[in-house]
Amino acid sequence: MDNHQKRNLTFLTIGLIFMLSGIEYAVILPTIWRYLQILEAPPYFLGLGLSAFSLSALVTGPLFGIWSDRSKTTKSIVLFSNVFEIVGNFMYFIGYSKWLLLCSRIVAGVGAGAGSSIFGFLTRSTQPEERAGIFAAIMAGRQAGLLVGPAFNLFLRLCDFKLGPFVVNKYTSPGIFMCLLWMLLQFVVLAMYWDVPPVSCEGGATMMEMKQEEVEEEVPLMGSDEEPVHTYRALNSDQLETSTSSDMQPVHRASDPFRNFSASREFLREEVVVVLTAQFITLFNQTALETMVTPLTQRHFNFGELGNSLMYSLCGVEVILGFFFVRWLSRKVADRAVLAAGLVICCTACIWCLIFLCNPRGANLPLSAFIIGVFLQLLGLPFVAVSQVSLFSKVTAEKTQGFSQGVRRSVGGLATILGPLWAGGLTNNLYIMLGMMLALLLMITVMTALSYDRLTEPRAVQSAQSSDSGG
């Protein structure tokens, strides 16, 4: 099996990982509140349970990223992190107390932290021009999981039996179901996941040039003149294209990716701040809207479980189609243009919702106005989500990409915690909630416009820098 086939199978496996994360969210969310009530948990435990997963992923993401940057391998990290998903979901299945349930979501969230290593691997294994399309397909995998998850609930809700000392019912069954799925995924990772090098006609040469530049920068900082010569020759050899990833590991270990790393220099640059802000605002608004939609449909349209399930299914279809449209569009248009288009759509959607959904006079809310508002909100999501991830991978250093992606995902995790908290108390005051969301969108739109010239691919940045230094 050549590297191209291994690469495709590895990307397929990554898509399955993200799909399982979507399924887990979809099968646990509908029943966790009633599950906590049975365990005599106070109301605030619902927020704790939902936030605990994001919080542990927020903390562990950068740690997994550092691990992958230093080792330049991700397969072992994925296998290790999946163990936390297996254990966490089994703890959820046991569910003897509200505290065990809370701990189960914390443990499972640790496993989700490996996403930073996966995005770092994708960055190192793709060329800039194809990266946005790969990211779009991977993100569509999670949306597919969110779409098919409710279908699994149809049979999980019918469970009513004992498995040894454990009771299997509609509240505990999602835990054991996801535990089994993550266990099956371990075998898939073992068989179909490889730490493959980049596959392209120019990939080897590009990597060699980057490594040579890194070595040249490190020469003055090294104690002897012999070590840099030895490392330079190792990176210059023909093994760069022909050796396996295991052969390359000693070279990677010899060069510490964090030798000259500075967090302030890396993350406080203008273009990085813009992309991280886009990440935060996108997820903050998305989770706020998710929190607001269910009470709104119940109040104005009397939607029950069936109506909400149908609505979420249609939303999932739209988002998946949107991701694949962005996958196609990214081959034609630069990432920064996709980001700008997405922000314009999101601003339009928020203005529409402010005008037609806030309903200050208490009149009945037209269903058509609600549908258009939701459609516009979801339409802009894939544009912003894919472009900001792709841009972030291009404006940050490749050698520390795992850690950088961990920081990006931690910023997103913070947004998913704060978004529901903001919207939860303002479902009866949509002017304030949507007004703040629109203000955030306008802010990031202005930031993007002012920094548009800096939101470019590395080659453009390097050419601009070289022309400046030449002048």
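Restricting the search to the stretch 68-85, which residues are in a helix (DSSP H, G or I) and surrounded by 21 or more Cβ atoms within 10 Å (Cβ to Cβ)?
Across the stretch 68-85, the qualifying residues are Ser68, Asp69, Ile77, Val78, Ser81, Phe84, Glu85.
If you take the residues in the stretch 304-336 that are of a type outside the set (Gly, Ala, Ser) and modelled with pLDDT under 75, which one is surrounded by the fewest Cβ atoms within 10 Å (Cβ to Cβ)? Can you show your working first?
In the first step, residues of the stretch 304-336 are kept if they are of a type outside the set (Gly, Ala, Ser); the result is 305-306, 308, 310-312, 314-315, 317-321, 323-329, 331-333, 335-336.
Narrowing further to those that are modelled with pLDDT under 75: 305-306, 308.
On the way: Glu305: 10, Leu306: 8, Asn308: 17.
Checking each candidate, the answer is Leu306.
Can you pull out every residue in the stretch 47-67 that is open to solvent by 30 Å² or more (accessible area, probe 1.4 Å) and farther than 18 Å from Val407 by Cα?
Gly47, Leu48, Leu50
If you go through the stretch 410-423 one residue at a time, do you hit one that is without any contact (Cβ under 8 Å) to a residue 12 or more places away in the chain and open to solvent by 30 Å² or more (accessible area, probe 1.4 Å)?
no
Between Tyr92, Tyr96, Tyr44, which is of a type in the set (Ser, Thr, Tyr), touching a helix residue (DSSP H, G or I) at 6+ places or on another chain (Cβ under 7 Å) and over 25 Å from Val407 (Cβ atoms)?
After applying the criteria, what remains is Tyr92.
Do any helices (runs of 4 or more DSSP H) entirely within the stretch 254-358 hold 3 or more residues that are under 30 Å from Val395 (Cβ atoms) and among the acidic types (Asp, Glu), and if so, which?
270-301
Suppose we filter Leu29, Leu46 for residues that are within 24 Å of Phe152 (Cβ to Cβ), free of Cβ contacts under 8 Å to residues at least 24 places away in the same chain, in contact with a Phe, Trp or Tyr (Cβ under 8 Å, 6 or more places away or on another chain) and part of a helix (DSSP H, G or I); which single one remains? Walk me through how you get there before you give the answer.
Details: Leu29 fails: in contact with a Phe, Trp or Tyr (Cβ under 8 Å, 6 or more places away or on another chain).
None of the other options fit; the residue is Leu46.
Which helices (runs of 4 or more DSSP H) sit wholly inside the stretch 92-184 and have at least 2 residues that are within 21 Å of Trp33 (Cβ to Cβ) and open to solvent by 10 Å² or more (accessible area, probe 1.4 Å)?
Helices (runs of 4 or more DSSP H) meeting the threshold: 98-112, 128-156.
Are any residues in the stretch 92-131 over 21 Å from Phe64 (Cα atoms) and of a type in the set (S, T, N, Q), and if so, which ones? Explain how you work it out, then say what you get.
Residues of the stretch 92-131 that are over 21 Å from Phe64 (Cα atoms), as a first pass: 92-102, 127-131.
Result: Ser97, Gln127.
The values are calculated or read from the model by the stated rules, or taken from the named source; none is laboratory data. Note that this is a predicted model, so its numbers are computed, not measured. Every residue, glycine as well, gets a Cβ built from its backbone with ideal geometry; the counts of neighbours run over all protein chains shown. Side chains are part of the model used for accessible areas, which takes the heavy atoms of the whole protein and leaves out ligands, DNA and RNA. Shrake-Rupley method; radii C 1.70, N 1.55, O 1.52, S 1.80 Å.
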